[in-house]
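Novice: Here it is, the structure, as structure tokens.
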Amino acid sequence: MTFILYTPREVAERLGARMMQLRLARDWRRSTLAERAGVSPATVARFETSGQITLENLLKLAHALDGLDAFEGVFVAPPAASIAELERAAGSTRRRGRQ
């Protein structure tokens, strides 16, 4: 098993760089992507250069680049490892975590 640990900032910067690569592969200007995503060109530029963006704008850009499905796997509960875990999950009605 290989572990690669990145900070949140590093992940954000890597996402911005990868989005820029996708944009350039489509031969789109920043303004083209911004218009298709419904965000400002400055938002695209800021994300590409620093990784800073709101979640809503990130999802808009992902949608414009046909990458929105990639977010479906985020925060998915892991599969149950035992029957007891399945039973607990089926009977759980918790709405809050413990303090």
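Novice: Between helix 8-25 and the chain, what is the angle of the helix's C-alpha long axis to the longest principal axis, kept within 0 to 90° and rounded to the nearest 10?
Specialist: Between helix and principal axis, roughly 50 degrees.
Novice: Which residue fluctuates the most in the chain, going by a Gaussian network model with Cα springs under 10 Å, if the choices are 40, 31, 82?
Specialist: Largest GNM mean-square fluctuation: 82.
Novice: So, by mean Cβ neighbours within 10 angstrom, what's the order for 57-64, 15-22 with the highest one leading?
Specialist: So the peptides 57-64, 15-22, ranked by packing, come out 57-64, 15-22.
Novice: Oh, and also: As a check on your grasp of the helix formula, calculate [θ] at 222 nm for the chain: sum -39500 (n - 2.57) over DSSP H runs of n ≥ 4, divide by the residue count, round to the nearest 500.
Specialist: Result for the chain: -17000 deg cm²/dmol, rounded to the nearest 500.
Novice: Would you kindly state the longest site-free stretch of the chain, with sites defined as chymotrypsin sites (Phe, Trp or Tyr not before Pro) in a DSSP loop (not H, G, I, E, B) surrounded by at most 14 other Cβ atoms within 10 Å?
Specialist: That would be 7-74.
Novice: Given a Förster distance of 35 Å, report the FRET efficiency between residue 35 and residue 69 from their Cβ-Cβ distance, rounded to the nearest 0.05.
Specialist: 0.95
Novice: Note the listed values [x] 21, 16, 12; [y] 25, 15, 12; [z] 35, 16, 14, then indicate which one is semi-axes √(5λ) of the Cα gyration tensor in Å calculated from this particular structure.
Specialist: Structure-derived value, by its label: [z].
The numbers here are math on the coordinates, done by the rules we state, and not lab data. Only a predicted model underlies this, so the values are computations on that prediction, with no experimental measurement involved. Positions of Cβ are backbone-derived with ideal geometry, glycine not excepted, and every protein chain shown enters the neighbour counts.
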